[in-house]
Amino acid sequence: MHTVCRTYAGGMETGTLEDGAERAEGEPVWTGLPPGLLRMRRLLLVVWLGPITVGTALLPAWLAGPVWAAFALLPLGLLLWGWPMLGRNWRSWRYAERADDLLISRGVLWREETVVPYGRMQLVEVTSGPVERHFGLASVQLHTAAAATDACIPGLDPAEAERLRDRLTQLGEARSAGL
Amino acid sequence: MTGPTRDADDAVGAVEAVEVIGAAGAAEAGAAEAGATEVVRAEPAEGAQAGSGPGAGAVAGDAPGEKPVVEVVEHRLHPVTPLRRAWAPVAVLIGWAVHDPDGAQRQLTRLDTTTLLIGLAVLIPAAALYGFLTWWFTHFAVTDSELRIRTGLLFRRTAHIRLERIQAIDVNRPLLARIAGVAKLKLDVVGTDKKDELAYLGEAHAGALRAELLARAAGFAPETAHEVGEAPARQLLKVPAGVLVMSLVLTGATWGTLVAAVVVPAVLWFTTESVWTVLATGLPLLGAAGASSVGRFVAEYDWTVGESPDGLRIDHGLLDRSHETVPPGRVQTVRVVEPLLWRRRGWVRVELDVAGSSNSLLIPVAPREVAESVIARVLPGVSVPDATALVRPPRRARWCVPLWWRGYGLAVSDTVFAARNGLLLRRLDLVPHAKVQSVRLSQGPWKRYKGLADVHVDTGANKTVTARLRDAAEAAELLRAQAERSRTGRREARPDRWMA
């Protein structure tokens, strides 16, 4: 886990979302995740399962006969199944900044929706691992006094992550409430 | 670039307790050469660590801009404290003897009077010196905004505990301490640990200190804080010993452990006929049985709940007495537990969750109406919803959780979110809207197929209350409405300093 350099904070875009939050009285304005996360996850899938598929195809075929190459169907199936699954999962992730709370919705089969009031935030964390950084991604993690609050937005554009962090801390300060 | 940077340095005033640890230099070790009570002039300084040199014993942590010179009175613990450490070498010896009985016996036979005397002559002063030094280097002071505890001879540790963040104050008097006339004072703040208790203080001193800490935490001016004294308490409830015994008799766990403690060793005796196996299994089982019956009776004996302007008072114990004070507005959740066998008598147990506190029992046993009146005092404006107000999940929930779904229920009022679960042991959790930290909705594939969803409400005491198997549309509406209610509920919540 590595931190995002401060230099990313240069070009902060706030216009559109601010407007969205203003008129978010009824239906919240949802924001999806940038495509970089999907690209990264798919690449990781191929990087892991591709060589395994080739290995399970070649090794048994070479040692025991060509029929045994059928073993490769398992990782290949996983790969072919995982590709669209990652897409569905990625599409399911979205968040909305409302006037007083942050909404995070995610999951396809196991759906989960979290509402965290700004005043309850104790800590906002921006993290970015080496792979994430290579793809220009960063995650925003929110902590409240309850450990069960599991509010994390992965794979954001670093500038957006910084903007979100600053906005959340600012709103958290304005609406601060104790335990 | 190593490790996650916690990026919310300016987010929320979340610091409840700060500790400063540092190795003490020779000069610092000499800092505490004054008498048992030192008056120290602490000037506001940049760093939080104590300066060195005689007299500069206190830590200047207050924000600059207040009065330039603050008088901080440092105290030591009661002189009987070193004796508390005296059992440590004895425990080490006993541990060694149990671990290696043959070796211990051989060594014992080899002992003669001279070696014994020499051993004692070394051991006792060493233990005494250790006890004395830990006592000598432990100081505490109460300032306008915090309690500071300084400990440590080689590794200095200074804990700053913010008074307005106090979640509860406990004064405990274990049996031996009662005989010696001393007491232990513990402050519960989110993040404090066992080291942050003041053990031991004179009984009168502990009471006065508790009153002063509460007065300062409540927002009384520092000059008047120690004259305010103990706030008058009004008794709300006292559990009679007979009812307590009856409630323990009617508890399944008591009988379960007792039966296990009798049956398991008997069966083992008939199958193996080995005394050691029987003892090895029988003794822990007997211990568990004793803890769940006699132990609970001793701990919950003379349970008294009182109310004072400083909050809730809970006094209990037969041998070890403890007095807990929970300031107003600190209770995060209240749980009404109704075991099967108590239901005919209409008895309930009430548990509460306070952030950072390990105490969780409010009433061990009481008739339902009495318990509800106490809950109304603990959570002002809250009435416990009765069985008819609790709405069950839709009937199709039986495909998700057969039979037990009938135990689930939900009631939401203006002030409280109440969820019940359990069929035999019914538990009703109450969360005031103002205490909700976050709201979550979750739905797995099977629940989605059945059109059901769970709603979780997280509170600051690391306790999650779940309304299970609600209709999906109802759950979505509940999520939205609960976020709104929690927002408005927080506006009306009481301030941390309840008298200010």
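The values are calculated or read from the model by the stated rules, or taken from the named source; none is laboratory data. What you see is a predicted model, and the numbers here were worked out from it, not measured in a lab. Cβ sites come from the backbone with ideal geometry, for glycine too, and all protein chains shown count toward neighbours. Just so you know, the surface numbers come from the protein's heavy atoms only, side chains and all, with ligands and any DNA or RNA stripped out. Shrake-Rupley method; radii C 1.70, N 1.55, O 1.52, S 1.80 Å.
B:Asp386 satisfies every condition listed in (1) open to solvent by 50 Å² or more (accessible area, probe 1.4 Å); (2) at the interface with chain A (Cβ under 10 Å from one of its Cβ atoms); (3) farther than 27 Å from A:Leu109 by Cβ; (4) without any contact (Cβ under 8 Å) to a residue 12 or more places away in the chain except (2).
Of the residues making up the stretch A:117-147, those that are β-branched (Val, Ile, Thr) and within 7 Å of chain B (Cβ to nearest Cβ) number 4. Screening B:Leu279 against (1) more than 30 Å from B:Ala168 (Cβ to Cβ); (2) among the aliphatic types (A, V, I, L, M); (3) under 27 Å from the mean Cα position of the chain (by Cα) leaves a single unmet condition, (3). The lone criterion from (1) open to solvent by less than 70 Å² (accessible area, probe 1.4 Å); (2) under 30 Å from B:Leu209 (Cα atoms); (3) among the charged types (D, E, K, R) left unmet by B:Asp320 is number (1). The set of residues from the stretch A:44-53 being open to solvent by less than 60 Å² (accessible area, probe 1.4 Å) and touching a residue at least 40 places away in the same chain (Cβ under 8 Å) comprises just one member, A:Leu45. If the condition is being in contact with a helix residue (DSSP H, G or I) (Cβ under 6 Å, 6 or more places away or on another chain) and either open to solvent by 100 Å² or more (accessible area, probe 1.4 Å) or touching a residue at least 40 places away in the same chain (Cβ under 8 Å) (or both), then the stretch A:54-75 contributes A:Trp68, A:Phe71. Does the stretch B:329-353 hold any residues that are open to solvent by 20 Å² or more (accessible area, probe 1.4 Å) and of a type outside the set (A, V, I, L, M, F, W, C), and which are they? Once the filter is applied, which keeps residues that are open to solvent by 20 Å² or more (accessible area, probe 1.4 Å) and of a type outside the set (A, V, I, L, M, F, W, C), the stretch B:329-353 yields B:Gly329, B:Arg335, B:Glu338, B:Arg343, B:Arg344, B:Arg345, B:Gly346, B:Arg349, B:Glu351, B:Asp353. Looking only at the stretch B:289-308, how many residues end up being crowded, with 17+ Cβ neighbours inside 10 Å and either in contact with a helix residue (DSSP H, G or I) (Cβ under 8 Å, 6 or more places away or on another chain) or of a type in the set (Val, Ile, Thr) (or both)? Total satisfying the criteria: 10. Taken over the stretch A:86-116, the residue count meeting the criterion of being within 8 Å of another protein chain (Cβ to nearest Cβ) and in contact (Cβ under 8 Å) with a residue 60 or more places away in the chain is 1. Can B:Val374 be described as open to solvent by 20 Å² or more (accessible area, probe 1.4 Å) and in contact with a Leu (Cβ under 6 Å, 6 or more places away or on another chain)? Judged against the criteria, B:Val374 is not a match. Of all the residues in the stretch B:422-457, those that are under 30 Å from B:Thr251 (Cα atoms) and within 8 Å of chain A (Cβ to nearest Cβ) number 1. Scanning the stretch A:92-109 finds one or more residues that are more than 15 Å from the chain's Cα centre (by Cα), over 20 Å from B:Ala481 (Cα atoms), open to solvent by 50 Å² or more (accessible area, probe 1.4 Å) and of a type outside the set (Asp, Glu). Filtering the stretch B:477-500 to residues that are among the aliphatic types (A, V, I, L, M) and at the interface with chain A (Cβ under 8 Å from one of its Cβ atoms) leaves B:Leu479, B:Ala483, B:Ala493.
Which numbered condition trips up A:Asp166, out of (1) out of contact with any strand residue (DSSP E or B) (no Cβ under 8 Å at 6 or more places or on another chain); (2) open to solvent by less than 10 Å² (accessible area, probe 1.4 Å)? Only one criterion in (1) out of contact with any strand residue (DSSP E or B) (no Cβ under 8 Å at 6 or more places or on another chain); (2) open to solvent by less than 10 Å² (accessible area, probe 1.4 Å) is unmet by A:Asp166, namely (2). Residues in the stretch B:104-128 that are open to solvent by 100 Å² or more (accessible area, probe 1.4 Å) and of a type outside the set (Ser, Thr, Tyr): B:Gln105, B:Arg106, B:Leu108, B:Arg110, B:Leu117, B:Ile118, B:Ile124. Of all residue pairs spaced 6 or more apart or on separate chains, those with beta-carbon atoms under 6 Å, a first member in the stretch A:153-179 that is under 30 Å from A:Val131 (Cβ atoms) and more than 12 Å from every other protein chain (Cβ to nearest Cβ) and a second member that is aromatic (Phe, Trp, Tyr) and open to solvent by 20 Å² or more (accessible area, probe 1.4 Å) are A:Pro158/A:Tyr8; A:Ala159/A:Tyr8. B:Ser358 passes every criterion in (1) open to solvent by less than 70 Å² (accessible area, probe 1.4 Å); (2) within 28 Å of the chain's Cα centre (by Cα); (3) closer than 26 Å to B:Ala461 by Cα apart from (1). If you go through the stretch A:33-41 one residue at a time, do you hit one that is farther than 30 Å from A:Asp101 by Cα, of a type outside the set (Ser, Thr, Tyr), in contact (Cβ under 8 Å) with a residue 12 or more places away in the chain and surrounded by fewer than 16 Cβ atoms within 10 Å (Cβ to Cβ)? No. Note on the stretch B:247-283: residues that are closer than 20 Å to B:Phe297 by Cβ and open to solvent by 70 Å² or more (accessible area, probe 1.4 Å) total 3.
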